[in-house]
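Working notes for the structure below.
Read-outs: derived from the displayed coordinates by stated rules, not from any lab. The structure presented is a predicted model; accordingly, all values stated were derived computationally and were not measured. Every residue, glycine among them, receives a Cβ derived from its backbone with ideal geometry; neighbour counts consider all protein chains shown.
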């Protein structure tokens, strides 16, 4: 079966969340918990001034990140899971939650941490290329970009996790803007950490 030749849009995710409030079991899955623990452990710094989480869903990872960020902007393409995220994170004054579809919408801020977790494979390659440029441009020198993605093939998705990560590795060559710091590969996901080179 062929993969989609366009990015998955807001309507796709609205349908997913209309069918289930937590369709990927973020709040209850041991697999997701282990992956989140690995995500947090991969962050080189104990604290970040301004962070950006793309694809926050119901806010489980967002809550883990909260104590390590002065400010955290958490976004998702669908408004539906953000209701749960706002309830979960209501006591965290340092978190801003917004509906936003990357790359057509993108914040004006710059960040010292950007997390792209389980999102990149929803984009077809032209949109991923646009997103990559925006992420690199808005990452502060010395800032960290962390990618975490499921690697098995999913016929609904335009790309695989490996395609997403390998595409970012192209700008982590000696002449590129990023340095590749860490690779971690598990049976069903991979994690890659990048740092933006000084200007």
**Study point:** Volume of the Cα convex hull of the chain, divided per residue and given in Å³
**Key:** 115 Å³
Review point. For the chain, what is the mean residue ellipticity at 222 nm derived from helices alone (per DSSP H run of n ≥ 4: -39500 (n - 2.57); sum divided by total residues; nearest 500 deg cm²/dmol)?
Key: -9000 deg cm²/dmol
**Study point:** For region 86-190, the spread of Cα positions along each principal axis, largest first, Å
**Key:** 37, 34, 27
Review point. Which value, to two decimals, describes the C-alpha radius of gyration of region 28-75 once divided by 2.2 N^0.38 Å?
Key: 1.11
Review point. For the chain, what proportion of DSSP beta bridges, expressed in % and rounded to the nearest 5, is antiparallel?
Key: 40 percent
Revision key, fill the gap. Computed over the chain, the relative contact order (Cα-Cα under 8 Å, seq sep at least six) in percent reads 20 percent
Study note, to complete from the structure: Most exposed to least, judged by fewest other Cβ atoms within 10 Å, 39, 91, 96 sort to 91, 96, 39
Exercise for review: State the three equivalent ellipsoid semi-axes of region 119-174, derived from the C-alpha gyration tensor as the square roots of 5 times its eigenvalues, in descending order and whole Å.
Suggested key: 21, 12, 10
Revision key, fill the gap. Residues 87, 53 in order from fewest to most other beta-carbon atoms within 10 Å are 87, 53
Practice item. Set the Förster radius R0 to 22 Å, insert the Cβ-Cβ distance between residue 64 and residue 21 as r into 1/(1 + (r/R0)^6), and round the FRET efficiency to 0.05. Key: 0.65
Exercise for review: Beta carbons within 10 angstrom, averaged per residue: use that to sort the peptides 97-106, 143-152, highest first.
Suggested key: 143-152, 97-106
